[in-house]
1. Can you tell me which residues in the range 1-22 are at pLDDT 85 or above and under 15 Å from the mean Cα position of the chain (by Cα)?
2. Report yes if some residue within the range 23-43 is part of a loop (DSSP other than H, G, I, E, B), at pLDDT below 90, over 17 Å from the mean Cα position of the chain (by Cα) and surrounded by fewer than 16 Cβ atoms within 10 Å (Cβ to Cβ); otherwise report no.
3. Within the range 64-81, does at least one residue satisfy the condition of being part of a strand (DSSP E or B) and in contact with a helix residue (DSSP H, G or I) (Cβ under 7 Å, 6 or more places away or on another chain)?
4. Any residue in the range 46-63 that is surrounded by 13 or more Cβ atoms within 10 Å (Cβ to Cβ) sitting within a Cβ distance under 9 Å of a residue that is among the aliphatic types (A, V, I, L, M) and assigned to a loop (DSSP other than H, G, I, E, B)? List the pairs, counting only those 6 or more apart or interchain.
5. Which residues, taken from the range 44-56, are part of a helix (DSSP H, G or I) and out of contact with any strand residue (DSSP E or B) (no Cβ under 6 Å at 6 or more places or on another chain)?
6. Are there any pairs with C-beta distances below 6 angstrom linking a residue in the range 8-32 that is within 16 Å of Val60 (Cβ to Cβ) to a residue that is surrounded by fewer than 10 Cβ atoms within 10 Å (Cβ to Cβ), with the two at least 6 apart or on different chains, and if so which?
Amino acid sequence: MSRETVPRQLLHLVFGGEPTDLQDVELKDLNRLGIVGIFPSYASAYPAWKAKAQGTVDNVDMRYFIVHLHRLLEPDAAGASPPR
């Protein structure tokens, strides 16, 4: 299979923690950071994010995030693909 027929990996990281302020993304304790995983696409990261976020609904201080790792790895190509 040639490289052109293989879809690009668009890696996404899902993680969570308790922010210092609900309006910010700075986390209180990085030692308690919850890493859910790294996913090959936004479409596969979203259900994992949603499940963790819904699973912590009783903890109003907990927040989960999706980070577009592919944009950090290839910053010049960030605008090349549409956001998902």
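The values are calculated or read from the model by the stated rules, or taken from the named source; none is laboratory data. None of these values were measured; they are calculated from a predicted model. Every residue, glycine among them, receives a Cβ derived from its backbone with ideal geometry; neighbour counts consider all protein chains shown.
1. Of the range 1-22, the ones at pLDDT 85 or above are 10-21.
Selection gives Leu10, Leu11, His12, Leu13, Val14, Phe15, Gly16, Gly17.
2. Looking through the range 23-43, at least one residue is part of a loop (DSSP other than H, G, I, E, B), at pLDDT below 90, over 17 Å from the mean Cα position of the chain (by Cα) and surrounded by fewer than 16 Cβ atoms within 10 Å (Cβ to Cβ).
3. Start the filter on the range 64-81 by keeping residues that are part of a strand (DSSP E or B), which leaves 64-68.
When the remaining residues are screened for being in contact with a helix residue (DSSP H, G or I) (Cβ under 7 Å, 6 or more places away or on another chain), the result is 64, 66.
Yes, that holds for at least one residue.
4. Close Cβ pairs (under 9 Å, with a partner that is among the aliphatic types (A, V, I, L, M) and assigned to a loop (DSSP other than H, G, I, E, B)) amount to Lys52/Met62; Ala53/Met62; Thr56/Met62; Arg63/Leu22; Arg63/Val25.
5. Looking only at the range 44-56, we keep the residues that are part of a helix (DSSP H, G or I), and these are 44-55.
Those that are part of a helix (DSSP H, G or I) and out of contact with any strand residue (DSSP E or B) (no Cβ under 6 Å at 6 or more places or on another chain): Ser44, Tyr46, Pro47, Lys50, Ala51, Gln54, Gly55.
6. Thr20/Glu26
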